[in-house]
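I have a structure here, written as structure tokens, and I will follow up with some questions on it.
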Amino acid sequence: QYLKENIRYAYFPIGIFATGLVMAIIISILDPDATMKIVTNIALSFQEKGLYDVGPEILSLKIFLNNVEVAVLILFLSLIPFVPIGLLICFANGLIAGLVSAVFYTKTGDLILLFASLLPHGIIELPIIFYTATIGMIIWTKLTLSIFNRGKDIKVSLKRVVQCLIMIIIPL
């Protein structure tokens, strides 16, 4: 209901994510070597976090905890007025997804396998990131407007945000 009342805010995170994807495609076309270096660094960071050395249960738990951390970070950064910093996470997700997809497709040449690999993320993870970032945009906008005495009471919005976090975002 909260999102339905504020659906216009959803266009920003989705547009920012799409911008990251487009930039990734441009980067991968213009500089395939840089793309490979970036993706290699991402893989190394996963290795440093021990994500390759655990079983599926622990990996699933780590991914879940990471996603909760990202959601909370988006919401927390939305409390910083004037600059919507939380949207950078959407951009980074789009950029990383695009770069990794470009390298994957370059290495395999298999578009069906690429889409099958992205499908689990597209069903749950991305919509929740967009949902969280949309709520973050609502917080950011109302907070920024309230500073100029042009918005509504932010306390009501924060109560609803906590409800969304506990009832929707974390479970999904």
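The values are calculated or read from the model by the stated rules, or taken from the named source; none is laboratory data. Because the structure is a prediction, the values reported are computed rather than measured. So basically every Cβ, Gly included, is an ideal-geometry build from the backbone, and we count neighbours across all protein chains shown. All accessible areas refer to the heavy atoms of the entire protein, side chains included, with ligands and DNA or RNA removed. Shrake-Rupley method; radii C 1.70, N 1.55, O 1.52, S 1.80 Å.
Placing unit charges on C-beta atoms (Lys and Arg positive, Asp and Glu negative, everything else neutral), compute the dipole magnitude of the stretch 15-84 about its Cα centre in debye, rounded to 20.
120
Scan the stretch 1-102 for chymotrypsin sites (Phe, Trp or Tyr not before Pro) in coil per DSSP, keeping those whose Cβ has at most 12 other Cβ atoms within 10 Å, and list them by number.
Hits after loop and neighbour filter: 52, 82.
Something else: Quick one: ranking 105, 131 by accessible area, 1.4 Å probe, largest first, what do you get?
From most accessible down to least: 105, 131.
What accessible area per residue, rounded to a whole number of Å², is obtained for the stretch 39-172 using a probe radius of 1.4 Å?
With the other protein chains kept in place, the stretch 39-172 gives 61 Å² per residue.
If you don't mind, another one. Within the accessible area of the chain, what % is carbon and sulfur when the probe is 1.4 Å and the other protein chains stay in place?
Using a 1.4 Å probe with all protein chains present, the chain comes out at 72 percent carbon and sulfur.
Can you give the calculated 222 nm mean residue ellipticity of the chain, where each DSSP H run of n ≥ 4 adds -39,500 (n - 2.57) and the sum is split over every residue, rounded to the nearest 500 deg cm²/dmol?
-24500 deg cm²/dmol
Where in the chain lies the longest segment free of trypsin sites (Lys or Arg not before Pro) that are both loop residues by DSSP (not H, G, I, E, B) and have at most 14 other Cβ atoms within 10 Å?
The reported range is 50-149.
Between helix 154-164 and the chain, what is the angle of the helix's C-alpha long axis to the longest principal axis, kept within 0 to 90° and rounded to the nearest 10?
Approximately 40 degrees, to the nearest ten.
Find the Cα radius of gyration of the stretch 1-105, compare it with 2.2 N^0.38 Å by division, and give the number to two decimals.
Taking the Cα Rg and dividing by 2.2 N^0.38 Å, one obtains 1.24.
For the Cα atoms of the chain, what angle does the longest principal axis make with the long axis of helix 11-30, in degrees from 0 to 90, nearest 10?
The angle comes out at about 20 degrees.
If you don't mind, there's one more thing I want to ask. State, as an integer percentage, the relative contact order of the stretch 25-172 based on alpha-carbon contacts under 8 Å between residues 6 or more apart.
Once normalised by length, the contact order is 27 percent.
Give me the angle, in degrees from 0 to 90, between the Cα long axis of helix 32-48 and the longest principal axis of the Cα atoms of the chain, rounded to the nearest 10.
That helix lies at roughly 70 degrees to the long axis.
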